[in-house]
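So the structure is just underneath, and the comments pick up after that.
The values are calculated or read from the model by the stated rules, or taken from the named source; none is laboratory data. Predicted, not measured: the structure shown is a model, and the values here were computed from it. In this analysis, Cβ positions are derived from the backbone assuming ideal geometry, glycine residues included, and neighbour counts consider all displayed protein chains. The accessibility values were calculated without ligands, DNA or RNA, using every heavy atom of the protein model including side chains. Shrake-Rupley method; radii C 1.70, N 1.55, O 1.52, S 1.80 Å.
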Amino acid sequence: MNAPAASNSVKSALRTLDIIEFVVAHPQGPIAQDIAAALDIPVSSTSYLLGTLAERGYLVRDGRRYRPGPGLARLTVPEAALTLANRVEPLVKVLRSELDETASFMVRTGWEVEALVTEASGQALRYAIEPGHRKPLHSLAAGKAILAMLPEAELARYFAEVPRERHTRHTVIEEAPLREALAEIRRTGLAEAHEENTLGICGLAAPAWLNGEAVGAFAIAVPEVRFNPKLAAKARAALTRAAQALAG
């Protein structure tokens, strides 16, 4: 029963590649009708694919004509030139697409966790967080994941120096239970926070490593009314894949 859908997906992927190659080979800028005729693709499908490619920056539209866009250059950027945000952005997009929940990549800034890249859920009821927004480490799943990666000396300094506010009745602030949670994160590679920072919002996160260095955490935020065992299992698997993809 799944074969037709898979076949259609492959056909769309091939058509997309054909369109990119055709436009690159015709720098004068072909119009949609010329592309459709040359590649034997229905005009409606061609228009949809051209719009998507232009939206992602792989093509640019100049009147009726299409030309290669700056997005193509991203595909050939030397690895050393890629920022952490460049590397994690497509993985965050995949998380959001897979789960249709708000997905983020968080980094540590001082003793806080900061959103580096975020993709908001398309659902009406959702948790929104803007890039650059900061939260305490102890009350977010991503913050707990980052704490779990700290060397013991730095972790001891955190517990000694940082006041931990109780944001909701669920917030864990005591050192002993927090240390137990961090040990579990190290064991499983996953962190959770249930309504600890904001009532009605649950978070899941996975510590992220790049070139052997702890760099942050992938995270999702889910309204408590949608948080169930099936979604949690799917999210844990998706977060694990994202972390493994970044680590290589």
- Regarding Ala206, is this residue modelled with pLDDT under 95, outside any loop (DSSP other than H, G, I, E, B) and among the small types (Gly, Ala, Ser)? no
- Message: Quick test of your reading of the structure: Ala183 fulfils all but one of (1) surrounded by fewer than 15 Cβ atoms within 10 Å (Cβ to Cβ); (2) modelled with pLDDT under 95. Name the failing condition by number.
- Response: (2)
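One line per residue, one yes/no per condition, for (1) touching a residue at least 60 places away in the same chain (Cβ under 8 Å); (2) touching a Phe, Trp or Tyr at 6+ places or on another chain (Cβ under 6 Å); (3) among the hydroxyl-bearing types (Ser, Thr, Tyr):
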site: Ile41; (1), (2), (3): no, no, no
site: Ser44; (1), (2), (3): no, no, yes
site: Tyr66; (1), (2), (3): no, no, yes
site: Gly69; (1), (2), (3): no, yes, no
site: Thr83; (1), (2), (3): no, no, yes
- Task: Give Glu79, Glu89, Glu130 a once-over and let me know the one that is open to solvent by 60 Å² or more (accessible area, probe 1.4 Å), closer than 19 Å to Leu246 by Cβ, acidic (Asp, Glu) and touching a strand residue (DSSP E or B) at 6+ places or on another chain (Cβ under 8 Å).
- Result: Glu89
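Against the definition (touching a residue at least 12 places away in the same chain (Cβ under 8 Å), closer than 14 Å to Phe105 by Cα and either in a helix (DSSP H, G or I) or of a type in the set (S, T, N, Q) (or both)), how does Ala181 come out, yes or no? Let's see the steps before the verdict.
Details: touching a residue at least 12 places away in the same chain (Cβ under 8 Å): yes; closer than 14 Å to Phe105 by Cα: no; either in a helix (DSSP H, G or I) or of a type in the set (S, T, N, Q) (or both): yes.
Judged against the criteria, Ala181 is not a match.
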- Message: So, in segment 227-248, how many residues would count as being touching a helix residue (DSSP H, G or I) at 6+ places or on another chain (Cβ under 8 Å) and open to solvent by less than 20 Å² (accessible area, probe 1.4 Å)?
- Response: 5
- Note on the structure: Going through segment 100-127 in order, the residues found to be part of a loop (DSSP other than H, G, I, E, B), exposed (fewer than 14 other Cβ atoms within 10 Å of the Cβ) and touching a strand residue (DSSP E or B) at 6+ places or on another chain (Cβ under 9 Å) are Gly110, Gln123, Leu125
- With criteria (1) in contact with a Cys (Cβ under 8 Å, 6 or more places away or on another chain); (2) surrounded by 15 or more Cβ atoms within 10 Å (Cβ to Cβ), Glu224 comes up short on (2)
